[in-house]
Structures are given as structure tokens and as C-alpha cells.
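The values are calculated or read from the model by the stated rules, or taken from the named source; none is laboratory data. Quick caveat, the model's predicted, so the values are computed rather than measured. As a convention, Cβ positions derive from the backbone with ideal geometry for all residues, glycine included, and neighbour counts pool all protein chains shown.
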Amino acid sequence: MAGRRAVRVRGAAQARAALEVAREIGWAGPLPLLSPPGAAAWLGAAVFLAQIAAACRGENGGENGGEEGGPIPPHGPPSAAPRPAEYPSPEWPLPEWPVPWPVPWPVLDCGAAPGLALAALRHAATPAPAGAPRLQALVLDPACPAWEQVAAAAARAGLPLWPALPPALDPGPRPIPGPAERARLRHWLAGAEAKDRSGGTEAGAALTAAPGDSPTALR
């Protein structure tokens, strides 16, 4: 597996759409789902993971206007999930994955707040039900004054701490992705899959932001 891309999600409906599209294109293994920027300050690890869990159940998490669907296949106990040691820009190499469906890899953005990153580490150490989504990495601005202390704590906890984001698609501000957003997800993820299969030649052109959207790709 040469490298993987991520999707930034704002709630269960966007996470569900990302997982469904990934399953449609035959994505096997981990699908990195990034929280909104600085979400540790206003969303927190528990709520973020609850949104991912709702998406895995085929739910929209209470967002208006959506329909409930079938569950994403279970992804096994947390102990089955190997974690990358670090995120080396610009590609994110991940280990081969033993299951034939997309597995959500929640990544919480802590902004420049080391205290919130430490709180997220404590949450990650809390026992959770078997198969429940767990934090797989944290993102923290390396310019924050306590970076070294947080990095040491993360290393002890076995949770990667990244100074930068992996390449990611921002599907836009709509809580429930429509056909256009799903098409962009499919283009983005299918391009990454094609790049893996071809050994480095990416299929498709770079995506551009739709009117009113956040920047499409975080590179």
C-alpha cells in the first residue's frame, strides 16, 4: 500500500458518506477521517468518536434531511488495528489491512492546544467496547510550546502525534453530502486507489473547491 488520502468530516453524515463511497469503489483497509480544524477545543474526542460510530451504524447522527441506511461492516476489535509510527509528508504509508472493507481511522485535530491533546491521549487510554472506533492519531501544531512534552506522552501511549495533516479532501459545508459531494469523494478516493495500483501515477485531475466550500485538498 503506497499511500493513502484522508477525508475531513463534519459529523456522522459526512463520515458515513465517505465510508459508503469507499466501500463502493472497493477501498480495502483504513480510511483516515479527520476532524474539523481545532475540533478538540469544541467537539472533543468523545463526541467525534461517537459521530464516527454512528456513521459505522449507517446513521446520520441526527442531521436533518437524511435517511438511515445499512451499517458499515464491523471492523473488529481495537487490538487488531496497527497504527503508523508517524506521518511523513507528503505520503502516508500504512500497513496492509486484513479485511475487505473500509475501516475508519479517526484523527483528531488539536490545533495548537497541548492541554487538549493531552486530554485526547487520556481519552484514548480509556477502555472502549470491542469494535468501537478509537483515535488513531492526533494532529498538533509543532509551534506550540509544549510540543516535546506532548510528543513524549503520545509515544508512551502508543498514539501517533502528527505535526501536519495528510492529503485530505474537504467535502464542503453541507452536513449531508449530496450527489455532487459524493462524486467528489469518489473522484478523490478512486484517484488514490488508482495511484496505489499503478505504482505512483494518479488517476484523474486535481479537484477544485466548489463555490462556498472550504479548500478542497489540504496538501
Of the numbered conditions (1) modelled with pLDDT under 50; (2) surrounded by 13 or more Cβ atoms within 10 Å (Cβ to Cβ); (3) under 25 Å from Ala157 (Cβ atoms); (4) of a type outside the set (Asp, Glu), Pro106 satisfies every one except a single condition; which is it? (1)
What are the residues in segment 163-173 that are assigned to a loop (DSSP other than H, G, I, E, B) and either polar (S, T, N, Q) or crowded, with 18+ Cβ neighbours inside 10 Å (or both), if any? Leu165, Pro166, Pro167, Asp170, Pro171, Gly172
Any chance Leu165 is modelled with pLDDT of 50 or more and touching a helix residue (DSSP H, G or I) at 6+ places or on another chain (Cβ under 8 Å): no
Only one of these is surrounded by fewer than 20 Cβ atoms within 10 Å (Cβ to Cβ) and either among the small types (Gly, Ala, Ser) or in contact with a strand residue (DSSP E or B) (Cβ under 7 Å, 6 or more places away or on another chain) (or both): Ala12, Ala28, Ala22. Name it. Ala28
Note: among Ala154, Ala55, Ala120, Ala132, just one is in a loop (DSSP other than H, G, I, E, B) and at pLDDT 50 or above, namely Ala132
